[in-house]
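Worksheet for the structure shown next.
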Amino acid sequence: MSDPYISVSQVNMYIKNIFDSEIMLQDICVFGEVSSYNISGGNAYFNIKDENGMLSCVLFGASKFDSPQIGDMILARGSVSYYAKGGRLSFNVYSIMPYGRGLLYEKFLKLKQDLEERGYFAQEHKVEIPSRVKKIGVVTSQTGAVIRDIIDVTQRRNDTIDIVLYPVKVQGLGADREIALGIDFFSNYDDVDVVIVARGGGSIEDMEPFNSEIVATSAYRCNKPLVSAVGHETDYTIIDFVADLRAPTPSAGAELVAWDKSVLADNINNSVVVMEKSIAHKIDMMQGNIEYEIECLNNSIDNLLRMYCINASNSIDKLSVIDKILDVNTYKIDKYIALLELYNPNKITAMGYSKVLSGDCAVRSIKDVKVKDCLTLSFVDGKCNCIVEEVWV
Amino acid sequence: MSIDDNIKKINEINKKLENPDLSIDEGIKLYENGVSLAKNVLEELNSIKGKVTIIKKELETYKEEVFE
């Protein structure tokens, strides 16, 4: 037979399961007056109440939130749970905020969710901010530090950029409509390359126009790239989600949009240096090639000269042989000339000898001579005819 | 030609100059062209002075006036 009794833990776990599975008690916002507030171990344990009841709350990581004062009306967001170990009901709070602000925040969350579902925040709808804008349209107040900061930052980075201001109220009644009109104006204003919607920091109430649907719709429909630069770094407004780019502050918005002129000038100068290096390298290469060609040419000329020298030396050797041959021949010729001189007929006749001719033929023998022949005697200096009277053999 | 067009051309020239097969004559022509473009950009950067204006509505028309 089973035990008819159940343990305390079993009862508490049963109760806890009931609370945890109750959707109506999960992720709810409860407003009430703070009646006690104690911090222990980094968590805040407090009660909120209204005229008819009280709720025990625990806020984990309480240091992240401003501590409320006793009597403050707050809005607490969290889930109801049952603390089984202590047997107590507990409202586990994720965040707290002053009640008035809380209502605005709720409105903000609701609009944010609504616009998100309508695709206002879709990444594919966003466009890139041009890298080199010439003219910036600014929607902000014409008085105050914001427009001055934007002008100063822009001109410090790049004094070639034009800035055109569409002046609007940035808080209070009618501000949302003016801001929307400003965005619509620049949307169809051909001169500007980008639009900055800006305002300085402020309370959530001050930011109300930038959390409005009318501004979100104008920002969504804007034909120009749009930068939101609203409040401080930690402030998020609806327009931040719709904008193509969110800048944490107005100055940062100008920094993001105004391209740095000096960086471009440096890049251009660097490009020229790169060009100079490229062309210098090419010239070096060409010079190297020319020097190589000249060396090759010199080598070829050297080789040719060497060949010619060898040939010339050979020729000189041959010439000396010819000289020797000529010497020998000259000697021989001299000898022949001497011989010829020796046998020169004129020389012989000069010695007293004379040549005997019969007609034109020389008479070489007495056998060819007969008595009564008419013979011609040729002397070195003349001739005479004579008749043969007697022949002796 | 806009600054962006000039910069695009300068970058193209730098790429072409990297080509080892490019003749020295072509290279010198490109280099001279590139330097001239760079000079134009720098001159333009130094000569343009941006204006700050405010939109004023007169009747149904909008016009820009100098913002003091």
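A few points about this structure:
- Spherically averaged projected area of region A:35-129 from its Cα convex hull (nm²): 9.4
- Look at where the Cα atoms of region A:300-325 and of region A:55-129 average out, and the two centres are 111 Å apart.
- Taking Cα centre as origin and charging only the Cβ of basic (Lys, Arg, +1) and acidic (Asp, Glu, -1) residues, the dipole magnitude of chain A rounds to 1600 debye.
- Computed over Cα pairs, the Kirkwood radius of chain A leads via Stokes-Einstein (1.002 mPa s, 20 °C) to a diffusion coefficient of 65 µm² per second.
- Among A:Asn47, A:Asn269, A:Asn289, the residue with the largest mean-square fluctuation in a Gaussian network model of chain A, with springs joining Cα atoms closer than 10 Å, is A:Asn289.
- Label point of B:Glu65 set 7 angstrom out along Cα-Cβ; within region A:136-168, amide nitrogens under 13 Å from it belong to A:167.
- Note that region A:342-393, at 4 °C in a medium of 1.567 mPa s, gets a Stokes-Einstein diffusion coefficient of 110 µm²/s from its Kirkwood radius over C-alpha pairs.
- The mean accessible area for residues of region A:41-153, using a 1.4 Å probe and ignoring ligands and nucleic acids, is 57 Å² per residue.
- log10 of Debye I(q)/I(0), alpha-carbon scatterers only, for region A:153-262 at 0.17, 0.18, 0.23 Å⁻¹: -0.74, -0.83, -1.31
- Neighbours of A:Arg177 by Cβ distance under 12 Å: Lys/Arg scored +1, Asp/Glu scored -1, total -3.
- Shown is the FRET efficiency for A:Ser365 and A:Asn329, computed with R0 = 56 Å from the Cβ-Cβ distance and rounded to the nearest 0.05: 0.90.
- A Förster distance of 51 Å, applied to the separation of the beta-carbon atoms of A:Asn299 and B:Asn33, puts the FRET efficiency at 0.80.
- Surrounding net charge for A:Thr349, when Lys and Arg each add one and Asp and Glu each subtract one, Cβ distance under 15 Å: +1
- Karplus-based coupling profile of region A:353-360, in residue order and whole Hz: 7, 10, 9, 9, 10, 10, x, 9, with θ = phi - 60° in 6.51 cos²θ - 1.76 cosθ + 1.60 and x standing for Gly or Pro.
- Surface per residue (accessible, 1.4 Å probe) for region A:314-393, Å²: 88
- Farthest positive-ward along the protein assembly as shown dipole, Cα basis, beta-carbon charges - from A:Ile23, A:Ser378, A:Asn47: A:Ser378
- Distance distribution note for region A:127-175: the fraction of Cα pairs above 14 angstrom is 56%.
- Net charge in the neighbourhood of A:Ile15 (other residues with Cβ under 14 Å of its Cβ; Lys, Arg +1, Asp, Glu -1) is +1.
- Coarse-grained scattering of region A:53-207 at q = 0.09, 0.11, 0.15, 0.20 Å⁻¹, given as base-10 log I(q)/I(0) from a Debye sum over alpha-carbon atoms: -0.50, -0.68, -0.97, -1.29
- Within a Gaussian network of chain A (alpha carbon springs, distance under 10 Å), most fluctuating of A:Lys355, A:Lys135, A:Lys64: A:Lys355
- For the residues A:Tyr336, A:Tyr120, A:Tyr166, a GNM of chain A with alpha-carbon springs under 10 Å puts the largest fluctuation on A:Tyr336.
- For the chain pair A and B, buried accessible area totals roughly 3000 Å², probe 1.4 Å, rounded to the nearest 100.
- Carbon plus sulfur fraction of accessible area for the protein assembly as shown, probe 1.4 Å, in percent: 55
- Amide H to amide H, with H built 1.01 Å from N, A:Ser56 comes under 5 Å of A:Phe91, counting only residues 5 or more places away or on other chains.
- Accessible area (Å², per residue) of region A:155-223, counting only protein heavy atoms and a probe of 1.4 Å: 40
- Separation of the B:Glu12 and A:Tyr353 label points, Cα + 7 Å toward Cβ, nm: 11.1
- Between 0 and 90°, nearest 10: helix A:175-187 axis offset from chain A longest Cα axis: 20
- Candidate lysines - alpha carbon under 29 Å from B:Lys51, same-chain residues fewer than 8 apart omitted: A:Lys126, A:Lys134, A:Lys135, A:Lys169, A:Lys224, A:Lys261, B:Lys8, B:Lys9, B:Lys39, B:Lys63
- Rounded tilt (10° steps) of A:99-117 against the dominant C-alpha axis of chain A: 50
- Residues in region A:302-315 carry Karplus couplings, in order, of 4, 4, 4, 4, 4, 4, 4, 4, 4, 4, 5, 4, 4, 5 Hz; the curve used is 6.51 cos²θ - 1.76 cosθ + 1.60 with θ = phi - 60°, and Gly or Pro positions show x.
- At R0 = 41 Å, FRET efficiency that the Cβ-Cβ distance of A:Ile310 and A:Tyr343 yields, to 0.05: 0.25
The values are calculated or read from the model by the stated rules, or taken from the named source; none is laboratory data. Keep in mind the model is a prediction, meaning the values are calculated, not measured. Positions of Cβ are generated from backbone atoms using ideal geometry, with glycine treated the same way; all protein chains shown enter the neighbour counts. Please note that ligands, DNA and RNA were not included when accessible areas were found on the heavy atoms of the full protein model with its side chains. Shrake-Rupley method; radii C 1.70, N 1.55, O 1.52, S 1.80 Å.
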